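The values are calculated or read from the model by the stated rules, or taken from the named source; none is laboratory data. Since the structure is predicted, the reported quantities are computational estimates derived from the model, not experimental observations. FYI the Cβ positions are ideal-geometry reconstructions off the backbone, even for glycines, and counts take in every protein chain you see.
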Amino acid sequence: MKNRKKRIDLIIELIKHQCIGSQDELAEILAEKGHPVTQATLSRDLKMLRTTKVPTDRGTYMYVLPESDSLKDHLLNFGQPLARANYQSGFISLQFSGNLVVIKTRNGYASGLAYDIDMSNYPEILGTISGTDTILAILREDVSRARAAEVLASILGMDIDDLKEL
């Protein structure tokens, strides 16, 4: 467990301070720093950290972490369930169309938030489809917009009054 915690800490620092575009590149850096890791383990670590890949201005991609001051602390409590991260800083807007909800986020935040929506297992939400900055959430046909807004506000860690259709 000690090695895992050190490896996770190192991954977080590397992603925060370097432009890392592939698992191979990250695995090589980790090995150089004394933390050799298999691709499967690294993939699980990146998923647990909710990293996403976003395009850079150089036409490549890089890993980013969701913004949350306490995310690392929650993630490193391995025996405890992850508390919902506050995605308010990544959330931009939402709009309803029938039983669909289009959720706009800052670049790179959509896949992590879509994952949280799917893992919340609210029966009102059938599932999501995610891009880099947009999520399509599909609601059950009998779900009201008011109830959907309550559910999404809960997942986003926002007050229902702050969640306005734009």
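Can you tell me which residues in the stretch 28-42 are surrounded by 13 or more Cβ atoms within 10 Å (Cβ to Cβ), in a helix (DSSP H, G or I) and touching a residue at least 12 places away in the same chain (Cβ under 8 Å)?
Ile29, Leu30, Leu42, listed by residue number.
Mind telling me which of the residues Lys47, Lys72, Lys53 ends up being in a strand (DSSP E or B) and modelled with pLDDT under 90?
Going through Lys47, Lys72, Lys53 in turn, just one is in a strand (DSSP E or B) and modelled with pLDDT under 90: Lys53.
With the condition kept exactly as written, say whether any residue in the stretch 135-148 is part of a helix (DSSP H, G or I), touching a strand residue (DSSP E or B) at 6+ places or on another chain (Cβ under 7 Å) and more than 24 Å from Met48 (Cβ to Cβ).
Step one: of the stretch 135-148, the residues part of a helix (DSSP H, G or I) are 145-148.
Among the residues that remain, those that are also touching a strand residue (DSSP E or B) at 6+ places or on another chain (Cβ under 7 Å) are: 145, 148.
Those left that are additionally more than 24 Å from Met48 (Cβ to Cβ): 145, 148.
Checked the stretch 135-148: at least one residue is part of a helix (DSSP H, G or I), touching a strand residue (DSSP E or B) at 6+ places or on another chain (Cβ under 7 Å) and more than 24 Å from Met48 (Cβ to Cβ).
Pairs under 9 Å by beta carbon, first residue touching a residue at least 40 places away in the same chain (Cβ under 8 Å) and under 21 Å from Gly98 (Cα atoms) in the stretch 109-133, partner among the hydrophobic types (A, V, I, L, M, F, W, C) and in a loop (DSSP other than H, G, I, E, B), six or more apart or different chains?
none
Please give the number of the condition Asn3 fails out of (1) assigned to a helix (DSSP H, G or I); (2) touching a residue at least 40 places away in the same chain (Cβ under 8 Å); (3) surrounded by fewer than 18 Cβ atoms within 10 Å (Cβ to Cβ).
Here Asn3 meets the rest and fails (2).
For the stretch 108-166, what are the residues that are surrounded by fewer than 14 Cβ atoms within 10 Å (Cβ to Cβ) and small (Gly, Ala, Ser)?
Gly127, Gly131, Ser144, Ala146
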